[in-house]
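> Pasting a structure here, questions to come.
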Amino acid sequence: MSETIAADIAVVGAGPAGLAAALAARRGGASVLLLDCFARAGGQYFMQPAVADNPLRQVVMGRQAITAALQSGVKILTGYEVVAAYPGFRLFAVGGGSGIAVQVRAVIAA
């Protein structure tokens, strides 16, 4: 049986748009779960390399966006791919050899 995670809003995609949407929703008072299939948040533009001190502008901007989201209380789950969506805003995601069910009031696809 899979774990169920509940939140007000699920944001699918942790690139620049997803990070901004998650942060805005959290600042508005919603509990937010941010899901991404890649190992690190940031997407293609804010891609976060394994080397933490990379000085490239978009890497630094991404690191700042990720930090802001985490500090605001956004829960980020990387390595999970949403594979099903059901009526009533219920999602199912798989990653790391397990699955999770997500129950939310709204979904933002980013």
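The values are calculated or read from the model by the stated rules, or taken from the named source; none is laboratory data. Remember, it's a predicted structure, so these values are computed and weren't measured experimentally. The protein model used for the area step is the full one, side chains on, heavy atoms only, and it has no ligands, DNA or RNA in it. Shrake-Rupley method; radii C 1.70, N 1.55, O 1.52, S 1.80 Å.
> So how much slack lies between S31 and Y45, counting 0.36 nm per residue of separation and subtracting their Cα-Cα distance, in nm?
Values: separation 14, 0.36 × 14 = 5.04 nm, distance 2.55 nm.
Gain in length upon complete extension: 2.5 nm.
> What percent do you get for the relative contact order of the chain when only Cα pairs under 8 Å and 6+ apart count? Spell out each step's value before the answer.
Values: 237 pairs, mean separation 40.5, N = 110.
In percent, rounded to a whole number, it is 37.
> A further question follows. Considering only DSSP beta bridges whose two residues both sit in the range 6-110, what percent are antiparallel, to the nearest 5? It would help to have the intermediate numbers written out before the result.
Numbers: 11 of 24 bridges.
Counting only bridges with both partners in the range 6-110, antiparallel ones make up about 45 percent.
> Quick one: which residues, 5+ away or cross-chain, put their amide H under 5 Å from the amide H of A41? H built at 1.01 Å from N.
Residues meeting the criterion, in which the H sits 1.01 Å from N, do not exist here.
> Taking the chain, how much of its Cα-Cα pair set, in percent, is spaced more than 21 angstrom apart? Provide the component values of the computation, followed by the final result.
Values: 1957 of 5995 pairs.
Here the tail beyond 21 Å accounts for 33 percent of pairs.
> For the chain, what is the accessible area per residue in Å² when the probe is 1.4 Å?
On the way: 6100 Å² over 110 residues.
Ligands and nucleic acids excluded, the figure is 55 Å² per residue.
> Given only helices, namely DSSP H runs of n ≥ 4 each adding -39500 (n - 2.57), what is the per-residue ellipticity at 222 nm of the chain, to the nearest 500 deg cm²/dmol? If you can, show how the numbers build up before the last one.
On the way: 2 runs with 28 residues, N = 110.
One gets -8000 deg cm²/dmol as the mean residue ellipticity at 222 nm.
> Now a separate question. Relative to the longest principal Cα axis of the chain, at what angle does helix 57-72 sit, 0 to 90 degrees, rounded to 10?
Around 40 degrees separate the two axes.
> To continue, here is another question. Go through the range 91-97 residue by residue and turn each phi into a ³J(HN,Hα) via Karplus (6.51, -1.76, 1.60, θ = phi - 60°); whole Hz please, and just put x for glycine and proline.
These are the phi-based 3J(HN,Hα) values: 10, 10, 10, 10, x, x, x Hz.
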